[in-house]
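The values are calculated or read from the model by the stated rules, or taken from the named source; none is laboratory data. Because the structure is a prediction, the values reported are computed rather than measured. Note that we place each Cβ from the backbone using ideal geometry, even for glycine, and neighbour counts take in every protein chain shown. Side chains included, ligands, DNA and RNA excluded: accessible areas come from the protein's heavy atoms. Shrake-Rupley method; radii C 1.70, N 1.55, O 1.52, S 1.80 Å.
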Amino acid sequence: YAGLDRVYKSINRGSNFAPTSTSGFLDGNLSLSMAISYTNPDTLYVGKAPLGARAHLFMTPNGGTTWIDVTGTLPDRYPMDIAVDPQNSRVVYAAFGGAATGHIFKSVDAGHAWSDITGTLPDIPATAVFVDPAHSNVVFAGNDIGVYVSTNAGVSWNAFSDGLPDAVLIADLSLSSSNRVLRATTHGNGVYQR
């Protein structure tokens, strides 16, 4: 999958792409974030940047044949990242930029209802969210000053920035499955692992 104003799909490893829907451009905004289900490659979530229209999150259960607007009560902020629970494609997390609003949201019903699970995270833009593939109750969140971890699926958060520079913007989070190393890609400070 690749996102512009429309979402495109390749079924031949990127040799050719075609729009997933010919009936429109979703909300007309550009795609900013995207997450594919581990359990069903036809389940996809896409966050659209608020450029001229409100920010939206869309979901497709069938590879893009139909799209459902699952924005609901989510804030009108940049949807910086999306993560799908590796064990359950109906559980999804979204990270939002901005301030004076929630930053990490969770849905347990494929985006039909959302809960603000920001909790004790600082009121600064969230830039990344990642669910541990082996332990789906372990969720990592990155923001403008570091990394945080929840070991109870977002109920509570703890700092997880040991070894990172002070106040470093986290651009992305991933996990090396072979050695269980969490990697944090930063803005202008390289890549760190723990």
Across (1) open to solvent by less than 50 Å² (accessible area, probe 1.4 Å); (2) on the phi > 0 side of the Ramachandran plot, ARG180 clears everything bar (1)
VAL129 touching an Asp or Glu at 6+ places or on another chain (Cβ under 9 Å) and in contact (Cβ under 8 Å) with a residue 24 or more places away in the chain: yes
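Checking the condition open to solvent by less than 10 Å² (accessible area, probe 1.4 Å), in contact (Cβ under 8 Å) with a residue 24 or more places away in the chain and among the aromatic types (Phe, Trp, Tyr), which residue from PHE96, PHE105 passes?
Just one listed residue meets the conditions, PHE96.
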VAL149 fails exactly one of (1) surrounded by 18 or more Cβ atoms within 10 Å (Cβ to Cβ); (2) among the β-branched types (Val, Ile, Thr); (3) part of a strand (DSSP E or B); (4) free of Cβ contacts under 8 Å to residues at least 40 places away in the same chain, namely (1)
Would you confirm whether or not region 20-28 contains a residue that is within 19 Å of ALA95 (Cα to Cα) and free of Cβ contacts under 8 Å to residues at least 60 places away in the same chain? no
